[in-house]
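Laboratory data are not the source of any read-out in this text; all were calculated from the coordinates shown. All figures in this text were calculated on a predicted structure; none of them were measured in a lab. Note that each Cβ is placed from the backbone with ideal geometry, even for glycine, and that neighbours are counted across all protein chains shown.
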Amino acid sequence: MTDYYDLPARPPKEKRDRLGLLLLLFLLLFLLGLAATLWSLRLKPGELAQDPLLSTTSLRAESTAPAQAVAQAPAATPVPEPEPVVEAEVPTPEADAAPAEPEQATEPAPEPSLPLFSDVRWRETARFTGTDAAGRSADFTAYVLVGDETWTFAKADSIFAAGLAQPVDTAFEKLDLGLGICSLTRVIAIGAASVEGTSERNTYLSHTRGHALKAAIAADLPCEPGVLATSVLDLGYNRAGVTCPGGGRTCPDLTAPQRPVAMILADAEDPDTDIGEALRAGIAAHEAAGESVLPDVDISDYSSFNLR
């Protein structure tokens, strides 16, 4: 075994060389680390403006370049919207004085129809239309005196009122015609007699009653002479049998509806209309439909139909 102290000693120069190399190696490593640190820290706050690529000037130029390009680009010419045309109003003295109100189209008010009668002393009993042989039509309206007033039995100058012991002296106290009747074509007075008595006597009474009523109507018309024609419809006597109570020969109370104080108003547009034919056809159609022209009687039950 060799003693440590017996080993040969290393030369001192070789030892110094090794120490120098180590120091040199440490120095190189330090410089490399320092260079790496400086390279990583090359963009310090104070050095930003020194980099030509990352300077604030270049950044500002790049950021403003699009805006400058937009500003330098020619702006599109805006198309002006057309202004509404306002027509100048020419002032007038009336317009300066007061504001004009819009005129409203108003239809003319219909003229009030004139009454056929001056009061309510006549009662309407039927309305119907008839046509003559040529196809011309006329409108008809039938009226009777208000109430149960009829011709007095066996008389042609007074009327009988139900409930009165004595007949009324004249049949025309309630004949008050109005101006509206003058616009019609014709007024037809009806003459009729009941079944009681002889046929000759009743025919005479029917004729006389019709003409008496026609004369009263003509005298009471509020029209100019010749404006409204008047006629008589002579029906003759009624042929419907009546059984009088107690076997009596006459019973005026029961046969009173067969003696009406009545008239028919005719209105035809065509002046050539045959009123007689149109009246007969209209009454026949009205009664065929189950309606009555006169109260409680049928005109078809009378012995005649003579319009003159």
In order over region 300-307: 3J(HN,Hα) from phi, Karplus 6.51/-1.76/1.60, θ = phi - 60°, whole Hz, x for each Gly or Pro, gives 5, 7, 8, 7, 8, 8, 10, 9
Report, by chain and number, residues whose modeled amide H sits under 5 Å from the one on residue 229, excluding near sequence neighbours (fewer than 5 apart, same chain).
187
Based on the Kirkwood radius over alpha-carbon pairs, what is the Stokes-Einstein translational diffusion coefficient of region 122-307 at 37 °C with 0.692 mPa s viscosity, in µm²/s?
195 µm²/s
Ranked from highest to lowest mean number of other Cβ atoms within 10 Å per residue, what is the order of the peptides 238-251, 185-198, 125-138?
185-198, 125-138, 238-251
